[in-house]
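> After the structure tokens below, expect a handful of questions from me.
Taken together, the values in this text are just the output of simple stated rules run on the coordinates, not laboratory data. Fair warning: this is a prediction, and the values are worked out from it, not measured in the lab. A quick note on method: Cβ atoms are made from the backbone with ideal geometry, for glycine too, and the neighbour counts reach across all protein chains shown.
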Amino acid sequence: MADPSFPFHHESSALAHAPVEQVFAFLDDPKALAAHMGKSSMMMLGSCMSINVDAGGGRVIGSNRMGFELTRDSASSLVRVFIDYSLPIKPPGSWLGYLLGAVYARWCTRQMVMGAARHFT
């Protein structure tokens, strides 16, 4: 059942050519998972982000929920990354979220699964 506090959802999938245990270790590192945001891109409006994590390794998330699921596929792993989120309440964040939230969520999940797939090629 969907959580009403996160009414929006997007997910992407890709095949990583490695066992589930190796793919999990890679994706469980927030710096590896968010590597796509460390590079300048149009989706980041030409900017990039520096990833610093807390003592918990960055595994505490605020107004969104993100996760991944791994399924064995012979010697490979099917990687599914999802994001559940809500939009900001106040403008201009609410307007931008309405216009671009789904596009950004699709880009992020796609970058994460493709990053894992590339890492294990």
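> What nm distance separates the two modelled labels at MET114 and HIS17, each placed 7 Å from Cα along Cα→Cβ?
1.8
> Per 0.36 nm of contour for each residue apart, how much would the distance between HIS9 and VAL103 grow if the chain were fully extended, relative to their Cα-Cα spacing? Numbers along the way, then the final one.
Working: separation 94, 0.36 × 94 = 33.84 nm, distance 1.13 nm.
Here the segment from HIS9 to VAL103 would lengthen by 32.7 nm.
> Work out, step by step, the length gained on full extension between THR71 and ALA32: first 0.36 nm times the residue separation, then minus their alpha carbon distance; give nm to one decimal.
Working: separation 39, 0.36 × 39 = 14.04 nm, distance 1.94 nm.
Working it through step by step, the gained length comes to 12.1 nm.
> Please sort 107-114, 23-30 by packing, taking for each peptide the average over its residues of neighbouring beta carbons within 10 angstrom, highest first.
Numbers: 107-114: 20.0, 23-30: 16.4.
Order by mean packing, descending: 107-114, 23-30.
> Ranked from highest to lowest mean number of other Cβ atoms within 10 Å per residue, what is the order of the peptides 88-99, 69-80?
On the way: 88-99: 11.4, 69-80: 15.2.
Result, highest mean first: 69-80, 88-99.
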